[in-house]
Amino acid sequence: MQMRTRVGIIGAGPAGLLLSLLLLREGIDSIVLEIRSREEIEATIRAGVLEQGTVDLLNEMGLGTRMQREGALHHGIELRFDGEGHRINFTELTNGRAIMLYPQHEVLKDLIDARLKQDGRILFNVEDVQVSNISTDQPRIHFLHEGEQVELRCDFIAGCDGFHGVSRAAIPTTEHHIFTRSYPFGWLGILMQAPPSSEELIYAYSERGFALVSTRSPELQRLYIQCDPQDDIANWSDEMILAELQVRLATRDNWQLHTGPITQKSILAMRSFVIEPMRHGRLFLAGDAAHIVPPTGAKGLNLAVADVRHLARALARFYTQQQSDLLEAYSTTCLRRVWRTEHFSWWMTSMLHRFPDDDAFQQRLQRSQLDYTVRSRAAAASLAENYVGLPLDW
Ligand code: FAD
Ligand code: PHB
């Protein structure tokens with residue numbers, strides 16, 4: 001079977017879905033292909049923090065109604081070390097900017113719902129996706145859908161299929177550079193049925209490693225602890241996880257973690273990764289397909305949003321004004337923000353985790369960096385500016 005569209009989008013994550021809606025707004029036809037089912041996508045627990053720019057864009061597109069109702073606006077975070085908490089006041093340090101706690105799978109539900117209501121062109125459960133002809137102006141995507149082999153002809157392909165997708169591999173190795181770093185630790189993340197222990201997120205540095213307190217709803221907490229990335233989750237009983245959280249988060253004034261049943265737990269590895277350029281011929285990469293950041297800065301989803309906003313603008317200019325200048329500039333434009341975000345995420349990660357081979361000197365440097373960040377207005381403002389997110393046009 002043959003199908004035709006202007007932009008073939010691989011992947012129905014935040015990048016692919018938002019791109020399809022941004023294009024629709026410009027009257028540009030696209031089809032989204034996704035290997036997983038709608039149910040699976042809508043149930044996968046990932047990000048929680050939306051930057052101000054992401055929130056503004058979703059609102060401007062009329063996609064923010066449920067987020068406004070069910071999300072929680074946060075005006076700061078806490079950095080905790082040496083048994084004491086220090087608030088970083090975003091509102092004061094960034095001229096009134098803030099972040100929104102609204103889970104990624106809820107964003108995805110809203111985007112899928114909007115897209116299906118408008119024209120329904122998302123194909124779930126596709127298999128064996130492959131791209132071809134990307135160096136020509138008639139690229140193609142081949143896949144299996146409901147047992148039938150399909151060839152999708154398009155003008156452009158957007159590779160929005162995440163870190164483990166197929167798009168990136170279609171770029172010849174002689175045509176790109178990869179920059180990567182892995183970290184000697186991972187995060188053990190849990191969902192716990194208990195009311196929030198804190199009104200704002202807590203990023204804690206302790207002798208025993210990093211811990212993070214986040215929330216999902218008034219009844220559900222999201223918590224993380226630094227762990228060995230090779231560890232098996234089966235080695236961690238609920239009691240061990242809670243004990244570790246309590247030690248790492250302990251304060252001199254006896255702060256208490258609200259506890260309850262742990263309903264989900266898993267371990268994730270951490271890495272930094274960038275491919276340059278983010279484009280080859282008519283294939284454009286966006287989001288995790290092009291770059292990964294460790295989650296300490298809460299940036300991955302937000303970076304995906306910034307990429308597809310540039311891509312949608314570049315495609316709109318191509319179709320409405322027959323100009324390809326923004327498409328030519330796409331990779332360079334995105335990479336400025338990508339590297340700023342890579343640095344911020346690496347910096348937060350390096351400041352807040354214990355490294356297995358660190359010595360007393362290294363630890364003193366980390367303490368000094370934390371101390372400076374909470375005591376200097378300039379340092380705190382830099383963290384705040386990056387955390388709430390630089391303007392989307394930065
Ligand atoms: P993905 O969300 O990975 O979507 C890609 C989609 O493509 C998937 O649905 C996948 O099934 C599909 N796909 C894959 N291969 C194929 C194929 N061959 N054909 C068709 N479809 C395919 N980011 C933040 O901004 N803030 C946070 O607070 C935050 N916290 C995080 C916490 C955790 C524990 C984790 C793991 C991540 C976190 N992130 C956070 C990162 C964020 O979740 C990702 O950066 C984001 O999902 C990237 O979106 P994407 O659309 O680029 O890719
Ligand atoms: C989350 O709520 O899942 C979360 C929050 C902040 C981060 C990473 C993840 O830095």
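Bear in mind that the values in this text are calculations on the coordinates, not laboratory data. The shown structure was predicted, so the numbers you read here are calculated from the model rather than taken from an experiment. Ideal geometry is used to build each Cβ from the backbone, glycine not excepted, and the neighbour counts take in all protein chains shown.
Computed values, structure above
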{"quantity": "0 to 90° range, to nearest 10: angle between helix 14-25 axis and the chain longest Cα axis", "calculated": "50 degrees"}
{"quantity": "Dipole magnitude of region 55-184 about its Cα centre (Cβ charges: Lys, Arg +1; Asp, Glu -1), debye to nearest 20", "calculated": "220 debye"}
{"quantity": "Charge dipole of the chain about the Cα centre (unit charges at C-beta), most positive-ward option of 245, 235, 179", "calculated": "179"}
{"quantity": "Cα-centre dipole for region 260-342 with unit charges at Cβ (Lys and Arg positive, Asp and Glu negative), debye to 20", "calculated": "160 debye"}
{"quantity": "Cα long-axis angle, helix 325-352 against the chain (0 to 90 degrees, to the nearest 10)", "calculated": "20 degrees"}
{"quantity": "Acute angle (nearest 10 degrees) that the helix 238-249 long axis makes with the longest principal axis of the chain, alpha-carbon atoms", "calculated": "70 degrees"}
{"quantity": "Cα gyration tensor category, rounded, prolate or oblate, for region 348-394 with a/c compared to 1.5", "calculated": "oblate"}
{"quantity": "Rough spin-label spacing in nm, given labels placed 7 Å along Cα→Cβ, for residue 369 and residue 357", "calculated": "1.7 nm"}
{"quantity": "Restricting region 218-316 to trypsin sites (Lys or Arg not before Pro) in coil, as DSSP defines it, with at most 11 other Cβ within 10 Å", "calculated": "252"}
{"quantity": "Sum of -39500 (n - 2.57) over DSSP H runs of 4+, divided by residues of the chain (222 nm, nearest 500)", "calculated": "-11500 deg cm²/dmol"}
{"quantity": "Longest site-free stretch - the chain; sites: GluC sites (Glu not before Pro), DSSP loop, at most 14 other Cβ within 10 Å", "calculated": "220-394"}
{"quantity": "Reachable lysines from residue 299, criterion Cα separation under 26 angstrom, eight or more residues apart if same chain", "calculated": "109, 265"}
{"quantity": "P(r), alpha carbons of region 12-66 - 10 Å bins starting at zero, rounded %", "calculated": "19, 48, 32, 1"}
